[in-house]
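Engineer: Before anything else, here's the structure in question.
The values are calculated or read from the model by the stated rules, or taken from the named source; none is laboratory data. Keep in mind that what you see is a predicted model, and the values were worked out from it rather than measured. When we count neighbours, we look across all protein chains shown, and the Cβ atoms used for this are built from the backbone with ideal geometry, even at glycine. Surface accessibility is based on the protein's heavy atoms, side chains included, excluding ligands, DNA and RNA. Shrake-Rupley method; radii C 1.70, N 1.55, O 1.52, S 1.80 Å.
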Amino acid sequence: MRNSRRLLVFVVSTIAGLAALTWLGASVVEQTTGRWFAKDLTMRARLAVASSRRAMTASWRHRQSGELDGLLHDMARDERLFAAALCDAGLRAVARTQTFREPFGCEMLAPHVGTLSGAAGEATWRGGVLPGGPVQFNAFPVRDEDELLGYLVLVHDLGFVERRRGEAHRILLIGFGVLALAASVLTVGAARFAWRRWRTELRRSLEGGAARPELEPVLADVRALVRRLIVKEDLEGEGVWSPD
């Protein structure tokens, strides 16, 4: 009964410890994948801006609003890009996709103008929650040589990021759960096997068989105990209780 309780405590402690490690590992992986996806979106935004910058500045310079709308529409074909807009230096919309509407607006660039004018030349932040999840904003200055024409704002839907993070979280929890169960079963099985083997080896050694080196201390203690019992029986006579 006592051994069963000890075994139960050991299994529960092992599963609890592995569960805590699993939860911690899943949280770390979830945060890491979230940062990777955010960096990937920023890189995609940079490539989109680099590939369309010349056409954008030319159309902007010649006031070709139709061309600007077409450029933004082409950018928004990316399934991860929710909306896009071009804002002038006064933070007024010059062109935008149909999805760039409330709660979005060019005025949200005001806190980031300093960053856009700095050495980085871009700004990234999160905000505005859509039904599918949060969004990430990437803003870039649009210049014609040294003249600032305005800013390009790209709005990425992070709903797919949250869904993938959730899937990764579930897969990790299931995987580590199976691992915890397997580790517990194997550990208990190995402990039982080792205990039975130890008892078999000890019994064989006591019966006169060859003793393994690691059993010599135990056998020495057993022999010493047997000798003490024999001496005690000799002192007490026959050493067996009888009616007499």
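Engineer: Full extension from Leu173 to Thr42: what is 0.36 nm times the residue separation minus their Cα-Cα distance, to one decimal in nm? Intermediate values should be presented prior to the final figure.
Structural biologist: Values: separation 131, 0.36 × 131 = 47.16 nm, distance 2.93 nm.
Stretched fully, the Leu173-Thr42 segment lengthens by 44.2 nm.
Engineer: Roughly how much of Val185 is accessible, in Å² to the nearest 10, using a 1.4 Å probe?
Structural biologist: We get 90 Å² for Val185.
Engineer: For Trp195, Trp60, give me the order by solvent-accessible area with a 1.4 Å probe, most accessible first, ignoring ligands, DNA and RNA. Provide the component values of the computation, followed by the final result.
Structural biologist: On the way: Trp195 135, Trp60 15 Å².
Final ranking, largest accessible area leading: Trp195, Trp60.
Engineer: So between Ala194 and Glu107, what do we pick up on full extension, going 0.36 nm a residue minus the alpha carbon distance?
Structural biologist: On the way: separation 87, 0.36 × 87 = 31.32 nm, distance 7.21 nm.
Answer, rounded to one decimal: 24.1 nm.
Engineer: Another question about this same structure. When every alpha-carbon pair in region 33-88 is counted, what percent end up more than 20 Å apart? Spell out each step's value before the answer.
Structural biologist: Values: 430 of 1540 pairs.
Counting pairs separated by more than 20 Å, the tail of P(r) holds 28 percent.
Engineer: Ok, one more. Considering only protein heavy atoms, what is the solvent-accessible area of Ser51 at a probe of 1.4 Å, reported in Å² to the nearest 10?
Structural biologist: My reading of the accessible area for Ser51 is about 100 Å².
Engineer: Just to verify a number: what accessible area does Phe176 come out at with the full protein assembly present, 1.4 Å probe, Å² rounded to tens?
Structural biologist: Using a 1.4 Å probe on the heavy atoms, I get roughly 80 Å².
Engineer: Let me ask something else about it. Going out from 0 in 5 Å bins, what whole percent of all Cα-Cα distances in region 50-167 drops into each bin?
Structural biologist: Histogramming region 50-167 at 5 Å steps yields 2, 11, 23, 24, 19, 12, 6, 2, 1, 0 percent.
Engineer: Order the peptides 33-42, 220-229 from the highest to the lowest mean number of other Cβ atoms within 10 Å of their residues. Display every interim value, and only then the final one.
Structural biologist: Details: 33-42: 14.9, 220-229: 10.8.
Ranking the peptides 33-42, 220-229 by packing returns 33-42, 220-229.
Engineer: Subtract the Cα-Cα distance of Thr187 and Leu91 from 0.36 nm times their separation in residues, and report this length gain in nm to one decimal.
Structural biologist: Details: separation 96, 0.36 × 96 = 34.56 nm, distance 6.55 nm.
The Thr187-Leu91 span can extend by a further 28.0 nm.
Engineer: When ligands, DNA and RNA are left out and all protein chains stay put, how many square angstrom of accessible area per residue does region 93-180 have with a 1.4 Å probe?
Structural biologist: On the way: 4560 Å² over 88 residues.
Per-residue accessible area for region 93-180 comes out at 52 Å².
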